[in-house]
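Colleague: Before I ask anything, here is the structure I am working with.
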Amino acid sequence: MQGRPFRVVVLSGPSGSGKTTIVERLIRQASVKLVKCVSATTRPPRVGEAHADSYYFLTPEDFAARRNAGEFLETAEVFGAGYWYGTLKSELERARRENGWAFLEIDVQGALRVMEEYPDAVTIFLEPPSIEECEKRLRTRATDSEETIQRRLKKVHDELKLADRYKYRVVNDELEHAIGQINAILTEHSK
Ligand code: 5GP
């Protein structure tokens with residue numbers, strides 16, 4: 001990585017696309033050094049989520065103040081559930097300092113903003129093999145209410161419509177295969 005240009009990598013994928021596992025694996029063993037940018041959010045932490053590790057958990061007032069101060073690269077209200085999410089510019093700086101590439105796992109609205117700011121960003125859309133598979137994964141997770149599942153599925157439909165705005169689309173049909181494809185994309189950009 002030393003001496004190689006800094007890059008921003010964006011990975012988006014609807015709920016149920018298998019994103020979380022892929023993100024963890026890539027951070028551990030991608031072909032280039034990826035530094036995960038920790039997002040800020042106003043949603044409450046889930047069990048097992050730690051501040052500054054999973055997210056920076058902010059009050060709505062703190063979030064608004066930091067947005068007004070220009071600290072975010074992008075912000076979005078995800079799922080329309082009243083919770084805000086945003087990428088802090090300071091996290092991209094941290095990735096740069098650590099000689100890695102900034103790795104953003106954000107939703108489509110946020111990704112479109114990042115594309116404006118960083119046209120060279122390596123943008124990857126992770127697709128579920130099918131809507132049916134996606135619904136199955138959401139239901140197997142069993143953490144969400146029916147209403148939330150329906151809302152997430154609606155968002156899946158909306159996000160798939162914007163998938164062609166990304167430079168790459170990877171279908172998560174089989175974990176190793178999807179990781180292999182993403183690694184190949186990253187390697188290509190590191191040359
Ligand atoms: P969750 O609440 O399940 O952790 O995340 C919900 C959604 O928020 C996911 O689709 C995730 O990609 C998105 N998200 C997480 N952080 C950010 C961010 O900083 N900006 C945007 N636009 N979306 C984010």
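The values are calculated or read from the model by the stated rules, or taken from the named source; none is laboratory data. These numbers come from a predicted model, not from an experiment. In this analysis, Cβ positions are derived from the backbone assuming ideal geometry, glycine residues included, and neighbour counts consider all displayed protein chains.
Colleague: Suppose the filter is at pLDDT 95 or above and of a type in the set (S, T, N, Q); does Thr21 pass it? I'd like the intermediate steps shown before the answer.
Modeller: Numbers: at pLDDT 95 or above: no; of a type in the set (S, T, N, Q): yes.
Spelling it out, it is not the case that Thr21 is at pLDDT 95 or above and of a type in the set (S, T, N, Q).
Colleague: Anything in segment 156-174 that is touching a residue at least 60 places away in the same chain (Cβ under 8 Å) and closer than 19 Å to Phe103 by Cα? List them, or say none.
Modeller: Step one: of segment 156-174, the residues touching a residue at least 60 places away in the same chain (Cβ under 8 Å) are 156, 159-160, 166, 172.
Those that are touching a residue at least 60 places away in the same chain (Cβ under 8 Å) and closer than 19 Å to Phe103 by Cα: Tyr166, Asn172.
Colleague: Got a number for residues in segment 19-44 being in a helix (DSSP H, G or I) and within 9 Å of the ligand (Cβ to nearest atom)?
Modeller: Keep residues of segment 19-44 that are in a helix (DSSP H, G or I), which gives 19-29.
Okay, now just the ones that are also within 9 Å of the ligand (Cβ to nearest atom), so 19-20.
Qualifying residue count for the region: 2.
Colleague: Right, next: Taking Thr140 and the conditions (1) among the β-branched types (Val, Ile, Thr); (2) at pLDDT 85 or above; (3) more than 11 Å from the ligand (Cβ to nearest atom), which numbered condition does it fall short on, given that it satisfies the others?
Modeller: That leaves (2) as the condition not met.
Colleague: Taking Phe72 as meeting all but one of (1) near the ligand (Cβ under 9 Å from one of its atoms); (2) out of contact with any strand residue (DSSP E or B) (no Cβ under 9 Å at 6 or more places or on another chain); (3) within 28 Å of His189 (Cα to Cα); (4) not basic (Lys, Arg), write down the number of the exception.
Modeller: Single failed check for Phe72: (2).
Colleague: Please count how many residues of segment 45-76 are over 14 Å from the mean Cα position of the chain (by Cα), assigned to a strand (DSSP E or B) and not aromatic (Phe, Trp, Tyr).
Modeller: Residues that pass the stated criteria total 1.
Colleague: Then there is this: Report whether or not Arg43 is free of Cβ contacts under 8 Å to residues at least 24 places away in the same chain, farther than 30 Å from Ser190 by Cα and touching a strand residue (DSSP E or B) at 6+ places or on another chain (Cβ under 6 Å).
Modeller: The answer is no for Arg43.
Colleague: Further, regarding this structure: Output the residues belonging to segment 52-65 that are surrounded by 11 or more Cβ atoms within 10 Å (Cβ to Cβ) and within 16 Å of Tyr83 (Cβ to Cβ).
Modeller: Ser54, Tyr55, Tyr56, Phe57, Leu58, Pro60, Asp62, Phe63, Ala64
Colleague: Filter segment 128-151 down to residues that are closer than 21 Å to Ile179 by Cβ and not charged (D, E, K, R) and give me whichever is surrounded by the fewest Cβ atoms within 10 Å (Cβ to Cβ).
Modeller: Thr140
Colleague: If we keep just the residues of segment 164-191 that are touching an Asp or Glu at 6+ places or on another chain (Cβ under 7 Å) and surrounded by fewer than 16 Cβ atoms within 10 Å (Cβ to Cβ), which is farthest from Ala76 (Cα to Cα)?
Modeller: Checking each candidate, the answer is Val171.
Colleague: Is it the case that some residue within segment 83-103 is within 19 Å of Gly13 (Cα to Cα), touching a residue at least 60 places away in the same chain (Cβ under 8 Å) and buried (at least 21 other Cβ atoms within 10 Å of the Cβ)?
Modeller: The answer is yes, given that some residue of segment 83-103 is within 19 Å of Gly13 (Cα to Cα), touching a residue at least 60 places away in the same chain (Cβ under 8 Å) and buried (at least 21 other Cβ atoms within 10 Å of the Cβ).
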